Amino acid sequence: VFKLYDTYGFPVDLTADIARERSLQLDMAGFDREMAAQRERARAHSQFGLRQTADLGVEGCTEFHGYEQLEEEARAVALFREGQAVETLNAGEEGLVVLDHTPFYAESGGQVGDTGWLHADGVEFAVRDTQKQSEGVFTHLGVMQQGQLKRGAQVLAQVDAAQRQSTALHHSATHLMHAALRQVLGTHVAQKGSRVDPQRLRFDFSHFEPVAPEQLEVIERLVNAQIRGNVAVETTIMAPEEAIAAGAMALFGEKYGDRVRVLKMGDFSTELCGGTHVRRVGDIGLFKIVAESGVAAGVRRIEAVTGERALDYIASLQERARQTAQLVKGDRDNFPDKVRQLVERTRQLEKEIEQLKGRLASGQGADLLSQTVDVDGIKVLAARLDGVDAKTLREAVDRCKEQLKAAAIVLATVEDDKVRLVAGVTSGETARIKAGDLVNMVARQVGGKGGGRPDLAQAGGTDPTQLDAALRSAPEWVRAQLA
């Protein structure tokens, strides 16, 4: 079960469904052990060399106050540099700081950790990430910008409010989108993973086929309608069983404590969630889907942006539309018609080019027949056709085979400084002469190789300067094969 999930991204609940159909039970205890081992392996490679929580030597959990405030006084109870406990961090050094309590949200539930600063007199530590270790210890990872930070020092912990707010917009929008997906696609939709950060949201969910563009539009409209409704986001702490009985959605396989945080957005969405969110859904401002894709069997992914990021995305689309309209000498209103006309004209010209190439090859083909050399009763033709592609070359070889009856033919063209070769041998002569051998003999002289059937083969080369000499060698090569 773990290998399917970890290596191939196959959802655990889908494995459980398949197992139930075959009267099998999942070893969820074994799965949990493997997941725990995987987390420990991930910690062993974590930033700044912190191997595992045991390395911290910090007792008790970090008190998180970030739901209520974005800055507070705290004490630096432990400092680490390169995985080792230290008494001080100096300017320019990367390190890790553990506080007794913090307003910084640690990465969890798909939401990235907070960034910000730790300040003291003449001291500034830039927090680049916040992580939660086992036993509930929060670690603030970053770099000393100035001064010297000592273990036990009092600091002012300040979360980057703009980054936190942008992340909150995306997290709250994820809840709305989850509910909209279940309305539009069906109640089989379940969260399989998510990531929310200041730039965008990414949501993985169970679904058996790509989400159609018209369905994405309905989902987008549903979410934006909720945003315009601007209901308050309500938070309640209760027992998990009570929350689920009240209709809150929980993640399959997720372990919950005795008390859980329930996030309610009107009658539209109710979920268990420990993340940070907006106070009213109207704060999200705008929701825009930017991509939909598949990530595993039965799992789809939607990426979206909100607020200022959504406005930026729409502005970029408008700018691209303006530039495209300029290219086709149109405006925003008529450029789709202009592009359609351009595509149709291009297709028409491509057909005309193919017809002209065919006529050119036919015209040259008439001259080609006069270039044949008789070698012991077999007509040998080795020549170049200018201005044609490989497809036209093959057609010319086929026509020559029909007209010459007993023949060995190799035709060439130069396209984008590359040699294209096609060889053909009439069916009655393939026992003695192979088209693949003939084309390879010429190709080797122009820096290439090729192959194919005894009656038809093709090759390429990189040295057009040797092509004429290579073609002139064909009659003697055929003579040697017949001998």
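The C-beta contact set for region 294-313 (first residue hydroxyl-bearing (Ser, Thr, Tyr), second residue part of a helix (DSSP H, G or I), distance under 9 angstrom, 6+ apart or interchain) comprises Thr306/Ser166; Thr306/Leu169; Thr306/His170; Thr306/Ser172; Thr306/Ala173; Thr306/Ile227; Thr306/Ile284.
So which residues in region 457-483 are surrounded by fewer than 19 Cβ atoms within 10 Å (Cβ to Cβ) and either outside any helix (DSSP H, G or I) or without any contact (Cβ under 8 Å) to a residue 24 or more places away in the chain (or both), if there are any at all? Selection gives Gly460, Thr462, Asp463, Thr465, Gln466, Ser473, Glu476, Ala480, Ala483. Just one of the listed residues (Leu411, Leu327, Leu385, Leu356) is without any contact (Cβ under 8 Å) to a residue 40 or more places away in the chain and either assigned by TED's automatic domain parsing to the domain that holds Thr462 or on the phi > 0 side of the Ramachandran plot (or both), and it is Leu385. Just one residue in the set Val233, Val211 is in contact with a His (Cβ under 6 Å, 6 or more places away or on another chain), surrounded by 14 or more Cβ atoms within 10 Å (Cβ to Cβ) and not hydroxyl-bearing (Ser, Thr, Tyr); that residue is Val233. Of the candidates Arg182, Arg151, Arg202, Arg128, the single residue that is in the same structural domain as Ile284 (by TED's automatic domain parsing), farther than 20 Å from Val233 by Cβ and not aromatic (Phe, Trp, Tyr) is Arg202.
For region 95-108, a residue qualifies if it is crowded, with 17+ Cβ neighbours inside 10 Å and either at positive phi or part of a strand (DSSP E or B) (or both), and the qualifying residues are Gly95, Leu96, Val97, Val98, Leu99, His101, Thr102.
The values are calculated or read from the model by the stated rules, or taken from the named source; none is laboratory data. For clarity, every value in this text was computed on a predicted model and none was experimentally measured. A quick note on method: Cβ atoms are made from the backbone with ideal geometry, for glycine too, and the neighbour counts reach across all protein chains shown.
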